[in-house]
Amino acid sequence: MNSAFRATNQFPSFYQAAANELSEINVIVQLVKYFGWKWVGVFVSDDDAGQIAGETFKKEILSSGGCVAFFIKFKHNPFAFENYGTKIIETINKSSANVTLAFVSVNFANMFVNVFARQNLKPKIWITSSFFSRVTELQRLNIRTIFNGTLSLSAHQGEIPGFRDYFQSIKPINYPDNTLLRNIWQKLALCLFSNPTNRSIAKCIGNETLDDTLLSMLNVFKFRTSYAMYTTVYAMAYSLQNMYAVFKSQNLASCFQHWQLNSFLQRVSFNTSSGDTIYFKPNKQAPTRLDLIKNIFISLIKKINVACYKETSTFGFSFKNLKQSDVWAPYFQQVPPSICNKPCKPGYRKAKREGEPSCCYNCIQCTKGEMSNTIGL
């Protein structure tokens, strides 16, 4: 979101219902702290949002006793620079960090895919902002291998009561002139309206029963952006209803000025069937709600909801009841350690390596008269 809109005195009627880039940056930082990663790589786009993300990541990692293993600012036109993609891959592959944070603006997604689709990358855990949903749409074979198991942020998922029944009632047989619906139907029903040249593909009649397994794999009923729109519309509806009730009780005119709605939006609060409380904070932003998604590349892209982050929650993250291997597969079986080197054993102490970050050190034996009985000193 443009930072200008955050000035509530200039835009008193501007409300933000979805998480912005600052919210995503903060949640990624919280995730790094949650798992105790001290040695991480940082990959950001070369724009204003990437600048903010990069500075925040470095500041927060250092303040928690960690170090940045490498820092890459991704150009919008990387192929204008000689061997740019190769140099990026070399930097990442040389690093011992198992975790890489990636905050990339959506308009960089095409270039991101083009660079990494041509390279071989060592297995790592990528923690990314919501731009990764665009990457999964731009499927490339090598991308499916490199980024298999990536954990990405996504808009919070919720239910929209009645939508499943409505969706299942829409069939091309009832809307024969709707070309868009016919094209979507061919993908969902795995058939063709034209005469298929391949006999293994059925001819569509427009009244097929859709496969629930396929719909689940395609996340048809896992509402994210549409859920945010749904809650926003209801926030407006409840505010209008409350305002109408007040006007009616005070025998005021039913016509109103748009600015009069502000006070009702600021006080609106309601619960959804998904258990979310919808309201706006004093700064006119909704509390941050983001999901952490595991992206598995198989015949289709499988997205597993690993955790939910809610700003209002005491612990922030609420993880699903999943096996460790399900969360960190296919390249790791448990939370991957990401440290420059192992802690020093008792009897040894840290000795700084010249020209390297403070997280990287040698362990040397204590001299006579010194003693270390604690790991990590």
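Compute the angle between helix 48-63 and the longest alpha-carbon principal axis of the chain, please, reported from 0 to 90 degrees and rounded to the nearest 10.
The angle comes out at about 50 degrees.
Kindly point out, ordered by number, any Cys in the chain whose beta-carbon has no other cysteine beta-carbon under 4.7 Å away.
If one checks each Cβ against the other cysteines of the chain, Cys255, Cys308, Cys366 turn up with nothing under 4.7 Å.
Collect residues whose amide H, placed 1.01 Å from N in the peptide plane, falls under 5 Å from the amide H of Val40; neighbours closer than 5 in sequence don't count.
For Val40, the qualifying residues are Cys67, Ala69.
Between Cys363, Cys344, Cys255, where does the largest GNM mean-square fluctuation fall for the chain, given springs only between Cα atoms within less than 10 Å?
Cys255
Can you give the extra length, in nm with one decimal, that the chain gains between His258 and Ile201 once fully stretched, where that is 0.36 nm per residue apart less the Cα-Cα distance?
The span from His258 to Ile201 would gain 15.0 nm if fully extended.
Which value, in debye to the nearest 20, describes the size of the charge dipole of the chain about its Cα centre when Lys and Arg Cβ atoms bear +1, Asp and Glu Cβ atoms bear -1, and nothing else is charged?
Roughly 880 debye for the chain.
Note the full-extension length gain between Tyr34 and Glu55 as 0.36 nm times their separation in residues minus their Cα-Cα distance, in nm to one decimal.
Answer, rounded to one decimal: 5.6 nm.
How far is helix 179-189 tilted off the main Cα axis of the chain, in degrees rounded to 10, range 0 to 90?
It works out to around 60 degrees.
Could you work out what % of the accessible surface of the chain is carbon and sulfur, using a 1.4 angstrom probe and leaving DNA, RNA and ligands out of the count?
The computed percentage sits at 53.
Compute the acute angle (0 to 90°) between the alpha-carbon long axis of helix 225-249 and the principal axis of greatest extent of the alpha-carbon atoms of the chain; round to the nearest 10°.
Here the helix axis deviates by roughly 60 degrees.
What distance in nm lies between label points placed 7 Å from Cα along the C-beta direction at Thr209 and Glu137?
A separation of 3.3 nm, rounded to one decimal place.
Which of the peptides 262-274, 345-357, 278-290, 328-340 is most tightly packed, and how do the rest follow, going by the mean number of other Cβ atoms within 10 Å of each residue?
In descending order of packing, they fall as 278-290, 328-340, 262-274, 345-357.
Of Lys75/Lys303; Lys124/Lys222; Lys73/Lys122; Lys87/Lys345; Lys58/Lys323, which sit over 25 Å apart, Cα to Cα?
With Cα atoms farther than 25 Å apart: Lys75/Lys303; Lys124/Lys222; Lys87/Lys345; Lys58/Lys323.
Run lengths n ≥ 4 of DSSP H only: what is the helix-derived mean residue ellipticity at 222 nm for the chain, with -39500 (n - 2.57) per run over all residues, to the nearest 500?
Roughly -9500 deg cm²/dmol at 222 nm, from the helical runs in the chain.
Under a cut-off of 16 Å between alpha-carbon atoms, report the aspartates and glutamates in cross-link reach of Lys171, not counting same-chain residues fewer than 8 places apart.
Glu208, Asp211, Asp212
Rank by packing, highest mean first: peptides 122-135, 180-193, 239-252, with packing defined as the count of other Cβ atoms within 10 Å averaged across residues.
The peptides rank, most packed first, as 122-135, 180-193, 239-252.
I'd like to check one number: the per residue accessible area of the chain, probe 1.4 Å, reported in Å² as a whole number.
Counting only protein heavy atoms, the per-residue value for the chain is 56 Å².
I need the peptides 160-167, 36-43, 197-204 ranked by packing, meaning the mean over residues of other C-beta atoms within 10 angstrom, with the highest value on top.
In decreasing order of mean packing, 160-167, 36-43, 197-204 become 36-43, 160-167, 197-204.
Which length gain, in nm to one decimal place, applies between Ser325 and Phe247 when the Cα-Cα distance is subtracted from 0.36 nm times their residue separation?
Value of the extension gain: 22.3 nm.
The values are calculated or read from the model by the stated rules, or taken from the named source; none is laboratory data. All figures in this text were calculated on a predicted structure; none of them were measured in a lab. Every residue, glycine among them, receives a Cβ derived from its backbone with ideal geometry; neighbour counts consider all protein chains shown. Note: accessible area is taken over every heavy atom of the protein model, side chains too, but ligands, DNA and RNA are not part of it. Shrake-Rupley method; radii C 1.70, N 1.55, O 1.52, S 1.80 Å.
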